[in-house]
Amino acid sequence: MGKKKVYGVKNGKIPGVYQTWKECEEQIKGYSGAEYKGFSTEEEAKIYVYGTPLESIKVSEKKNLKKSMEEEEKPPSMSNNTIKDPNILKAYVDGSYNEKTKEYSCGVVLLLNGKELLFSKKGNAPHLASMRNVAGELLGAQYAMAFALKNKGKFKELWIYHDYSGIEMWCTGQWKTNQAGTKAYKNYYQEKVRGNIDVRFKKVKAHSGDHYNDKADELAKKAIDL
């Protein structure tokens, strides 16, 4: 049996990463100048799609995007789990996307001083939704940073555990920010977080049995009824 492929549509009806050929074909069929490619991993497909320039977005749309990314969040719920690691705020983040509703979502698990905080949120801003689950990944990471800023002084470092490389690469400038969503994310980190919070990015392998990464994934899926 051949190795399963995922498909990256760089130029099509809705650019993004698709899990089946049928989904990919729907985005490129009848689309003049379509660009797409098959990959063995989702990570490679994401880099192909989101690491290259796309169409520019109007200034007014960029402002709306920034507003949606920086929207005030509600406090997360709290459970009685005891995960003790003094002076370090750990955040496991993940994102998801619902093809039917065109909604993206994030799931966040925050661990600090014996407490576990759970958070999830969904959104449907059109130009963020075009990034599919990546929009949720960014939303989750930004929420973790916002939470850290609000609770500054209660810990020394913020560790963000993520399974998508862009969470770190866009913040550090190793990847170009060619879309309004990635630019807003990087700007938030550069202008508000860096210098105020010591952030360390920790890459984890997706769907590898990591308890909290899986939990963040479940929270993101539940938020959009997947």
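The values are calculated or read from the model by the stated rules, or taken from the named source; none is laboratory data. What you see is a predicted model; the values in this text were computed from it and never measured. Backbone-built Cβ (ideal geometry, glycine too); neighbour counts: all protein chains shown. Remember, those area values only see protein heavy atoms, side chains included, never the ligands or the DNA or RNA. Shrake-Rupley method; radii C 1.70, N 1.55, O 1.52, S 1.80 Å.
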If you place +1 on the Cβ of every Lys and Arg, -1 on the Cβ of every Asp and Glu, and leave all else neutral, what size is the dipole of the range 110-226 about its Cα centre, to the nearest 20 Debye? 360 debye
Under a 1.4 Å probe, counting only protein heavy atoms, Leu149 has an accessible area in Å², nearest 10, of 50 Å²
Quick check: with the 1.4 Å probe, what order do Ile47, Ile167 take by accessible area, largest first? Ile47, Ile167
Please list the non-local residues whose amide H lies under 5 Å from the amide H of Phe201, H modeled 1.01 Å from N, same-chain partners needing a gap of 5 or more. Ile160
The range 154-226-the range 21-41 distance, computed between alpha-carbon centres (Å): 27 Å
Report the extension gain between Lys37 and Leu226 in nm, rounded to one decimal, defined as 0.36 nm multiplied by the number of residues separating them, less their alpha carbon distance. 65.4 nm
Sort Ser130, Ser208, Ser32, Ser105 by heavy-atom solvent-accessible area, probe 1.4 angstrom, most to least. Ser32, Ser208, Ser130, Ser105
